[in-house]
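**Student:** Sharing a structure with you now.
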Amino acid sequence: MNNPDFAIPVREPDQTGLDDTILPFAVKALDLRGRIVRLGPAVDSILTSHDYPAPVAKLLGEAIVLTVMLGSSLKIDGRFILQTQSDGPVRMLVVDFTSPGNVRACARFDAKHVAAAIAANAADPGKLLGHGHLAMTIDQGPDMSRYQGLGATGRRRPRTRRA
């Protein structure tokens with residue numbers, strides 16, 4: 001596979017209004033709950049307003065879907081923000097979901113390093129992000145405290161001991 005296909009599927013929005021929807025569901029017999037997120041024009045307008053290389057656009061699109069899915073599950077009106085900052089070719093991703101359904105997003109990347117990753121067939125999400133931090137923030141408004149969870153992207157580097 002020397003020439004990977006990073007094409008992002010393009011299609012016309014559904015005339016029946018199924019695009020840009022979030023459908024919660026529950027299967028009581030299995031005690032199972034979830035959400036189906038289907039984005040069309042909302043994510044298309046974000047990705048087409050920037051000149052992202054295909055692997056960066058795909059990574060940002062996946063981050064948008066994840067943020068919308070998690071943000072829409074909150075029982076409050078507010079904001080859910082997903083952010084990454086790393087040493088990889090995609091240095092930063094930010095997705096901001098404001099309930100009841102507004103989303104915006106952007107990515108900062110090093111074009112030369114992304115092009116090199118594509119040429120080396122190494123443009124998978126983990127390598128594009130590299131090592132760094134992931135933050136998820138819940139903002140309930142000016143009268144409430146923010147909640148933030150922090151994590152790491154990529155594998156942890158082995159620690160070396162000093163003698």
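**Student:** Only residues that are in contact with an Asp or Glu (Cβ under 9 Å, 6 or more places away or on another chain), modelled with pLDDT of 85 or more and among the β-branched types (Val, Ile, Thr): list them for the stretch 1-45, please.
**Tutor:** VAL43
**Student:** How about the stretch 90-106: which of its residues are of a type in the set (Ser, Thr, Tyr) and assigned to a loop (DSSP other than H, G, I, E, B)?
**Tutor:** Answer for the stretch 90-106, where residues must be of a type in the set (Ser, Thr, Tyr) and assigned to a loop (DSSP other than H, G, I, E, B): just SER99.
The values are calculated or read from the model by the stated rules, or taken from the named source; none is laboratory data. Here the structure is a predicted model, which is why all the values come from computation and not from measurement. Cβ atoms come from the backbone with ideal geometry, glycine included; neighbour counts cover every protein chain shown.
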